[in-house]
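Q: One structure, pasted below without further comment.
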Amino acid sequence: LPDADFSDDGRAILVHIGGAHPAGDYEAAAQLVDAVVRIAEQLNSAGLRIEPAGPAAIAMNSSRAMRRDSILCCLLSIALLYTLFFVFYRRWSAGLLIGCVAAVGMLAGIGAVAPFIREVSPLAAMIAALLAGLGTDYGIHFLSHYDGHRLRGVDSATASVETARAMAAPIGTNCLTSIFGFISLWPSQIQMLSDFAVLGAAGLIGALVAVLVLMPAALVVTDRRGAATTPALREAVGGWTDGIARRPRAYIAASLMLPMILAAYAFTQGFDLKFETDLRVMHPQPSRELAATDEIMRRFADQGTLIPVE
């Protein structure tokens, strides 16, 4: 093996394989690592333990983990949100209505900026989509206010119009506060953060427009109920808040004591907040590729630290 190096103990062989693409190109890295592992297993007649390591192997593992996590997170969040809406609204259409309106708005908003973004990292797309899911809050506020009108015997069309008029300013302000937080990351020199800011803001704007435009029309078409009844949860919360309103000073004092207790605890324990210095937290764990890279650095001490230079 002319391109191989033996470890200090003579029990391991390090084979260097260069790729035609940068190590950060995770698609090319995956093709390279898969081909190397497949060929190595075909030629491994001595029963050696073969472990791919280095930037390409780490990039391949991280990209596949991000893609898998993105799918699982989206499916789990949809299932949890639908269950939550069904429990609180007691009708199967509530989750579909809020979720579909928000989804249409987010897709339209992100689609509007898509011509200006040629590429986006999977992690930025996943986080932007999940945080743009805050747009479901706008539908929650709209539907709750709408139900309040329906409880007073107002017909569906009038309830939709009155709700749109009353909620435009509150949910618009809610949307802008979130957008300002996203846009603050837009000038970042890290491309992933910049893409995340643009996609997240576009998704929220689309969700806001959809709630104000599409939600009233959808409610008029789908809401065929007669006189609405007060949900049991609303009555329970009303009784709880009524008790708080009768003893406001006691509850204010109790609320002030909690941060005082936490501040006293922090003072006794110290305010020394340490930041994580190990960038392994940015990679999926456990990682055989990272472990193999560590083993190479330990057993091939004379090789030094692996720093690929393009």
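Q: Sticking with the crude label model, points 7 Å out along Cα→Cβ, report the distance from Ser188 to Gln285 in nm, one decimal please.
A: If labels sit at Ser188 and Gln285, their model points lie 2.1 nm apart.
Q: Give me the number: length gained by fully extending Glu51 to Leu84, i.e. 0.36 nm times residue separation minus the C-alpha to C-alpha distance, one decimal in nm.
A: 7.4 nm
Q: Then there is this: At 0.36 nm per residue, minus the direct Cα-Cα distance, what do Leu76 and Glu162 gain on full extension? Give it in nm, one decimal, please.
A: Full extension of this stretch gives 27.5 nm more.
Q: For the chain, set up a GNM with springs between Cα atoms under 10 Å and report which of Gly270, Gly18, Gly153 has the largest fluctuation.
A: Fluctuation is largest for Gly270.
Q: Select from Phe142, Phe116, Phe275 the residue whose mean-square fluctuation is largest in a Gaussian network model of the chain (Cα-Cα springs shorter than 10 Å).
A: Phe275
Q: Arranged from highest to lowest average of other beta-carbon atoms within 10 Å per residue, in what order do the peptides 194-204, 241-251 appear?
A: With the highest mean Cβ count within 10 Å placed first, the list reads 194-204, 241-251.
Q: I've got another one for you. How large is the accessible surface per residue of the chain, computed with a 1.4 Å probe and reported in Å² as a whole number?
A: 66
Q: At 18 Å minimum axial length over the Cα atoms and a Kyte-Doolittle cut of -1.0, report the qualifying DSSP H helices in the chain, or say none.
A: In the chain, the long hydrophobic H runs are 26-43, 55-89, 92-113, 136-151, 156-183, 191-222, 232-246, 248-269.
Q: Further question: Pick from Ala264, Ala168, Ala157: which is most flexible by mean-square fluctuation in a GNM of the chain where alpha carbon atoms under 10 Å apart are linked?
A: Ranking Ala264, Ala168, Ala157 by mean-square fluctuation puts Ala264 first.
Q: Which one, (1) 53, 26, 18; (2) 36, 27, 19; (3) 32, 22, 21, gives semi-axes √(5λ) of the Cα gyration tensor in Å as derived from the coordinates shown?
A: (1)
Q: So if each residue of separation counts as 0.36 nm, and I subtract the Cα-Cα distance between Glu276 and Ala35, what length gain in nm does that give?
A: Length difference between fully extended and current span is 83.2 nm.
Q: Could you calculate the FRET efficiency of Ala217 with Ala20 from 1/(1 + (r/R0)^6), where r is the beta carbon distance between them and R0 is 35 Å, rounded to 0.05?
A: 0.05
Q: In the full protein assembly as shown, how much of Ile183 is accessible to a 1.4 Å probe, in Å² to the nearest 10?
A: Surface open to solvent at Ile183 totals about 70 Å².
The values are calculated or read from the model by the stated rules, or taken from the named source; none is laboratory data. Note that the coordinates shown come from a computational prediction; the quantities given were computed from them, not determined experimentally. Cβ: placed from backbone, ideal geometry, glycine included. Neighbour counts: every protein chain shown. Side chains included, ligands, DNA and RNA excluded: accessible areas come from the protein's heavy atoms. Shrake-Rupley method; radii C 1.70, N 1.55, O 1.52, S 1.80 Å.
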